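Take a look at the structure set out below.
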Amino acid sequence: MPKLKHAYLLFLIICIVSCSLYNDTSAHTQSPFAATPIDTKLVEATRFLAGKPISPSSSLFQLTTDKRYVAYVDEMKKSWDRLQQKNLDAIEQWRKQNLPAKYNKTIFYPFSGPDILNAVAFFPDGDEYIMFGLEPCGEIPDPHSVSKERVFSGLWGLRKSLNEILNMNFFKTINMQKEVSTNEFNSMISIIMWFLGQLDYEVINAKKIWIDDNSLITTLPPVTKQNKYIPGAEIFFKDTTGYIKRVRYFQINVIDNSLSHYTNFIPHLQSYKRYTTIIKSASYLMHNDTKFTKIRDLTLRHSDLILQDDSGVALKFFSPYQWKLTFFGVYTKPVPLFAHRYQPELKEKYDTLSKGPLPFSYGYNSGIGNSNLMLAERIQ
């Protein structure tokens, strides 16, 4: 009889432990950035830039009652609602129906500029987002510490910088270089924060970073001009469940001869976990046979899933033995600026295999029903 009692107790203990392990999802849901400290001024600054309600106890609250701020918020909201909100609603429905529910949590977005918007729209469950572009990061916005006139001048600069993405859903690199400055309000950091604020994420921390000569992240700037440091910014943001995510943006030209000098960049990119990659309005640079081979090879080697429009990696570089390809939308021809990047073989794929028009605007051929996406899933 005692043996039976012991056996029964042992059975109960095993059941309790098993149930506890089964129900404890903290190992799966704990953010790798959970210990990130919260900068309350940055939280307020993001809400202020994005036109979200500010606490009456904040030193920024008085600024929100100024007619110039009211006009700024009204204009930005109209632009957002005209394209982006409709786009985002359509992307969400399309994503749920057509993209894998599970994917690698490191989201890579080459040639992104500050467009965190589309990265989180298509892959909202990412832990971190790795982005780069030609534009400098600029300063972290701090409307608490500048004059009222400088605040409103800065908000107008931010509005100009956001004009194209709000109306066409892509940035023109040349225009971005002219309109984005290193000032607080229309820096790349500010634009990324603005997008996150619009999407109701809470930006809790931000800092300037560099990739050092050993391909590691440092917060200390280079000591000499001989250092090959690559400047960047790191922003932590929290979703509505409290889960903390990270975005890193780097300023670098990834043409091959530049990467022959900045030999620390590709090894740094390889140090992350396997990628889920999104590419959009990438100027067809990775179509080039001789000038952007290093970043293209890295993208193909390190990604298990790639979602891109026709401006990303050319079709000829996707081996049918390594990739399963699915086509969405329509492909006619590139916009006139990139007419020489027309792919006849891609046209044939879309004409025969497309799953139908896209219900949102994406890439250079903007407008609902005019865009294309190719989903590439690694099979070996």
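Computed quantities for the displayed model
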read-out	value
K41 vs. criteria assigned to a loop (DSSP other than H, G, I, E, B) and basic (K, R)	no
Qualifying positions in the stretch 75-108 - part of a helix (DSSP H, G or I), at pLDDT 95 or above and of a type outside the set (A, V, I, L, M)	E92, Q93, W94, R95, K96, Q97, N98
The stretch 312-346, subset under 12 Å from M374 (Cβ atoms) and of a type in the set (G, A, S), residue surrounded by the fewest Cβ atoms within 10 Å (Cβ to Cβ)	A314
Qualifying residue in the stretch 367-378 (condition: modelled with pLDDT under 95, at positive phi, of a type outside the set (S, T, N, Q) and out of contact with any helix residue (DSSP H, G or I) (no Cβ under 8 Å at 6 or more places or on another chain))	yes
Single residue of K291, K349 found to be of a type in the set (K, R), modelled with pLDDT of 95 or more and closer than 13 Å to N372 by Cβ	K349
Within the stretch 71-107, considering residues that are within 28 Å of D127 (Cβ to Cβ) and among the aliphatic types (A, V, I, L, M), the one surrounded by the most Cβ atoms within 10 Å (Cβ to Cβ)	I107
Residues (within 20 Å of P100 (Cα to Cα) and polar (S, T, N, Q)) located in the stretch 293-330	T299, S303, Q308, Q322, T326
Restricting the stretch 217-243 to residues that are within 25 Å of E202 (Cβ to Cβ) and β-branched (V, I, T), the residue that is surrounded by the fewest Cβ atoms within 10 Å (Cβ to Cβ)	T241
Where V203 falls short, out of the listed (1) under 23 Å from D39 (Cβ atoms); (2) outside any helix (DSSP H, G or I); (3) modelled with pLDDT under 95	(3)
Counted residues, the stretch 259-292 - those being under 13 Å from F111 (Cα atoms), part of a loop (DSSP other than H, G, I, E, B) and polar (S, T, N, Q)	2
Inter-residue pairs, beta-carbon under 7 Å, first at negative phi and at pLDDT 50 or above and in the stretch 22-38, second surrounded by 10 or more Cβ atoms within 10 Å (Cβ to Cβ) and among the polar types (S, T, N, Q), 6+ apart	T36/N205; P37/N205; I38/N205
Selection within the stretch 74-92 - farther than 25 Å from F236 by Cβ and among the hydrophobic types (A, V, I, L, M, F, W, C)	L83, A90
Flag for D304 being within 29 Å of G197 (Cβ to Cβ) and among the charged types (D, E, K, R)	no
Selection count where residues are surrounded by fewer than 16 Cβ atoms within 10 Å (Cβ to Cβ) and either part of a strand (DSSP E or B) or touching a residue at least 60 places away in the same chain (Cβ under 8 Å) (or both), scope the stretch 244-258	1
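The values are calculated or read from the model by the stated rules, or taken from the named source; none is laboratory data. Source: prediction; values computed, not measured. All Cβ positions, glycine included, derive from the backbone under ideal geometry; neighbour counts span all protein chains shown.
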